[in-house]
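The values are calculated or read from the model by the stated rules, or taken from the named source; none is laboratory data. Everything numeric here is computed off the predicted structure, so don't read it as measured data. Cβ coordinates were reconstructed from backbone atoms using ideal geometry, including for glycine residues, and neighbour counts include every protein chain displayed. We work out accessible area using only protein heavy atoms, side chains counted, and drop any ligands, DNA or RNA first. Shrake-Rupley method; radii C 1.70, N 1.55, O 1.52, S 1.80 Å.
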Amino acid sequence: MLIFKQLVLGLFLPAVVGGGIFIFAKSLALKTESEHTEKEKDWFSGWLVAVALSAGYMVGYIGLEGLPPFPPREGVHWLCYLALTGLIVGCFWHFSLSGRLVTQIALSVIIPRLLLNSAFKYTWGQFEGTIWWVCLAGVIFIFWNMVQQSFIELPSGSSGPFVYFGLSGGTALVLALSGSLRLAQHAGVLVAIFATSWIITLVGQRSDNKWHVFPPGVSAIVTLVFAGIWMNGYFYEEVPAASAILLAMALFLAPVGRIEKVQQLGARRSTLAQIAVIALPVVIAIGIAVARSGLFGESDGY
């Protein structure tokens, strides 16, 4: 029964749901390219891709955990609501820049307080809690902007889904090595969704190699779910601090593709170099988790 939940409800079903909506989003965006303005097309395709990611994750969450209680009793219960919040925010991402900025700041401030409520109440004092709150809000806001920037910096086509497939896969491995199989399964849901979107984009890339898979509105769902999983892993499980920081900062290296010498390598080689540089901190994060796990002898603290 456990294997059924992990493989079918936690991986296969999210891939089918997310992949089906993703295929519809891509085909509709291409079909309506000459029938709508660029702004309308970008908003609609972005909303559909956000639906694919959000619906896929929520299906996987419910398959693994069942319906989340309200109000949530544990940090992991917030993950489903974060996915739903990301979808709602993505629907209105075409609004003004000031509106998007206010939304980013507000959610960056609110989420740590909701997700880590028990730590604020029972673990941290007022001063320590305030420091953590400010730092976490800043990290979420910065990561959100890195996600948005990565959608622009990564080449169009299958590169974007592949990078996020690797990031979610690295997250799942770090969580599993840190002893949190429950959270690793949630990261595995993201692995299934991003792997499906990568394969679908790769198959259709020859006919459309200029389509940016993840429009800006998708950044909300990506940011909130990753942030929720990482915070749960670090504060409620035993994920090494160094691994969590490396995973969160991997996308900071996406602009390496703009370096002149990297661009001189040619389109294919420069893309591979860019992906390799982004993958490096993820690989190091996994290595630290392996060392901490004690698989190869006595574990060390990080």
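Some notes on this structure:
- Calculated FRET value between Gln149 and Leu202, using beta carbons and R₀ = 25 Å, to 0.05: 0.60
- Taking only Cα atoms of segment 114-257, radius of gyration then Dmax in Å: 16.4, 57
- Estimated inter-spin distance, Phe92 and Ile142, nm [label 7 Å along Cα→Cβ]: 2.8 nm
- Net length gained if the chain between Arg113 and Leu181 were fully extended (0.36 nm per residue, minus Cα distance): 22.0 nm
- Annotation: extensible slack from Leu101 through Val283 equals 62.3 nm (criterion: 0.36 nm per residue apart, minus Cα-Cα distance).
- Virtual spin-label span in nm between Glu238 and Arg258, 7 Å along Cα→Cβ: 4.2 nm
- Prolate/oblate/rounded label for segment 46-201 (Cα gyration tensor, a/c 1.5): oblate
- For the set Cys80, Cys91, the ranking by accessible area, highest first and with no ligand, DNA or RNA atoms included, is Cys91, Cys80 under a 1.4 Å probe.
- Label point distance in nm, Arg269-Leu7, each placed 7 Å from Cα along Cα→Cβ: 4.3 nm
- Amide N of segment 48-70 lying under 20 Å from the label point, which is placed 7 angstrom from the Cα of Ser27 along Cα→Cβ: 48-56
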